[in-house]
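What follows is a set of notes on a single structure, which appears directly below.
The values are calculated or read from the model by the stated rules, or taken from the named source; none is laboratory data. All values derive from a computational prediction rather than experimental measurement. Note that we place each Cβ from the backbone using ideal geometry, even for glycine, and neighbour counts take in every protein chain shown.
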Amino acid sequence: MIKNTISNRLSALRAEMHKLNIDAWYISGTDPHSSEYLPARWQTRMFISGFTGSYGMVVVTKDEAALWTDSRYFLQAAEQLEGTGIQMMKLRIPDAVSPEMWLGKKLKAGSRVGMDAQTVSVAGFKSFENTLAKYEIETVETPDLLDNIWSDRPLDSAEKVFELGLEYSGVSRKEKQENIAADLQKSGADYQVVSMLDELAWLYNLRGNDISYNPVFNGFACIGKNDSYLFVESSKIEAGLKSILEKDGVTLLPYAQFYDFLSGVSGKKILVDPATLNYAAYSALIQNNELIESTSLVSLLKSRKNETEIAGFKEAMKKDGVALVEFHYWLKNHIGKETISEYNIGVKLKEFRAKQADFKGESFPPIVGYKSHGAMVHLIVGPDDAFPVEADGILLFDSGGQYLQGTTDITRTVALGAVSEQQRTDFTIVLKGMIGLTNAVFPFGTKGCHLDILARKPMWENGMNYGHGTGHGVGHFLNVHEGPMAIRQEYNENRIEPGNVMSNEPAFYREGLYGIRTENMIVCVEKEVTEFGRFLGFETLTLCPIDTTLIRVELLTTEEKDWMNNYHKKVNEALKPLLSDNLHLFLDQLTAEI
């Protein structure tokens, strides 16, 4: 039935394309805010293809259709696309053919490729435009063609927006406005357009429930040196909050008026972030204004956590640590004695977190991989496709929570029974990489690609590697993935700065056998100033034992052993007062010296 539905949807889309004389239509798979997690209304990739993975783009031509995704979803996409008439294309592999390159080879000169410019970033649209121009193919903006064929398309969320108090945010929205104004002055701009939902939430000290896992709300903003416009559905803002915002100098306008407002702006210098702002907004501004393309000023300020936010993270880590020790205790006492699946484990992780005060939900869907599933980096299983978990081998679980005090993201790999020496060797090598990055000391101005080697060095020395990044930014009661900085091999112009809260997650995967990942969250801190400059380092935030039974101690240096023992001492001292008495001995065992 679903295959026939997809075929009918493709036919209906092609009819809409024909009305506009479009030879191909591109579906980016995201929303007008470049969101990672999507509201139901913008699940366009799933609607047109039936593919349920979290990453992928679709192209539909007059007689073909294709979906691009990465290695996380090759097996899943092949299965879900079978019989739909949509072929799967591989991305992020050597010699991958991008959608624009594929279109260049498929279409004739003079063809027209359309896309809803609301859902494509400025950089993405220009990449298409530049590539297709080489083939004499035109890239054109179109309306959202799915609106006419998606009869039961979900409406936008009607959830209310709520205020995050100063006791959590640490800096008032008026002070943030002043900081942005100062940065606009330095950059020579009059305004910045804000389209990322986490930037919007941070800027105004507001949160919402419009997207699963991310406490954000749908909106846009245009912020200047002396004024601030917030575009959000009026029904989402209670009268009391509206008065507070207006008192703080925020002008509230309807969400639907955003593009018309931009079209009316003239003679201004406006800062836009081409990596995140959608092309429809850019197009509305470009005719009558000078646009300065740069990393979002809001993103940069948001990434440098203030003292209150960092203190909040530390409180959130205690809550998370207690939940995870309780989970470990449950796992130890139930594994092998009752039927437990990977899915059950994800449910249990949420249950233990939900016992903690100020828990506001998970920060992403739990990734639980037993044996060979552990080697599938971002596998998310349901009750029907989860492996049963037994008292044997190793289990990888990557999960996180949202608390008013902060967002958490942690991965642990634990032994459930007998393990091989190879598994212990691999685990120890990954651990050495995690400790290597943790102990980094580096001069101010260092970028993430310069630090990435510290996590990979032990692996490279053993002919090993992993295909994903080592560290991403983490929001403060916001998105679990945030920028603009990152620790990965690819170049990123944004340096690592004090206050940046990031993940530290080297890993190793043996396909078809198992996966290993050890992830802590870290915060960049000042170390010292010498005659050679200003030096920075990291402080570990995560408070959760690491499975010492998987460590080959002889492979660790004295410094690494000291780090492990000191870390476990810190975990023990922080969590024991918060745990019930019956868990004290268990915690002592988990954090015993090696």
In segment 573-591, is there at least one residue being touching a Pro at 6+ places or on another chain (Cβ under 9 Å), small (Gly, Ala, Ser) and over 15 Å from residue 432 (Cβ atoms)? no
Can you confirm whether segment 73-81 contains a residue that is touching a helix residue (DSSP H, G or I) at 6+ places or on another chain (Cβ under 8 Å) and not assigned by TED's automatic domain parsing to the domain that holds residue 380? yes
Within segment 229-306, helices (runs of 4 or more DSSP H) holding 1 or more residues that are closer than 19 Å to residue 177 by Cβ: 239-247, 258-263, 297-303
Segment 284-320, subset farther than 27 Å from residue 496 by Cβ and surrounded by fewer than 17 Cβ atoms within 10 Å (Cβ to Cβ), residue nearest to the chain's Cα centre (by Cα): 286
Restrict the check to segment 353-362 and report whether at least one residue is in contact with a Leu (Cβ under 6 Å, 6 or more places away or on another chain), in contact (Cβ under 8 Å) with a residue 12 or more places away in the chain, buried (at least 20 other Cβ atoms within 10 Å of the Cβ) and part of a helix (DSSP H, G or I). no
Quick count over segment 563-583, residues being in a helix (DSSP H, G or I) and loosely packed, with under 14 Cβ neighbours inside 10 Å, is 7
When the residues of segment 90-125 are filtered to those that are on the phi > 0 side of the Ramachandran plot and in contact (Cβ under 8 Å) with a residue 12 or more places away in the chain, which remaining residue is surrounded by the fewest Cβ atoms within 10 Å (Cβ to Cβ)? 110
Test residue 214 against the criterion of being assigned by TED's automatic domain parsing to the domain that holds residue 264 and surrounded by fewer than 24 Cβ atoms within 10 Å (Cβ to Cβ), and give yes or no. no
Tell me, which strands (runs of 3 or more DSSP E) wholly within segment 427-523 include 2 or more residues that are within 16 Å of the chain's Cα centre (by Cα)? 471-473, 482-487, 501-504
Closer than 27 Å to residue 451 by Cβ and either crowded, with 23+ Cβ neighbours inside 10 Å or not assigned by TED's automatic domain parsing to the domain that holds residue 207 (or both): which single residue out of 336, 433 fits that description? 433
Which one of these is within 19 Å of residue 299 (Cβ to Cβ), crowded, with 24+ Cβ neighbours inside 10 Å and either out of contact with any helix residue (DSSP H, G or I) (no Cβ under 8 Å at 6 or more places or on another chain) or touching a residue at least 40 places away in the same chain (Cβ under 8 Å) (or both): 184, 206? 206
Pairs only if they're at least six apart or on different chains, beta carbon under 8 angstrom, first in segment 550-574 and in the same structural domain as residue 414 (by TED's automatic domain parsing), second modelled with pLDDT under 95 and buried (at least 18 other Cβ atoms within 10 Å of the Cβ); list them, first residue then second. none
Condition broken by residue 508, with the remaining ones in (1) of a type outside the set (Lys, Arg); (2) touching a helix residue (DSSP H, G or I) at 6+ places or on another chain (Cβ under 6 Å); (3) not assigned by TED's automatic domain parsing to the domain that holds residue 396 satisfied: (3)
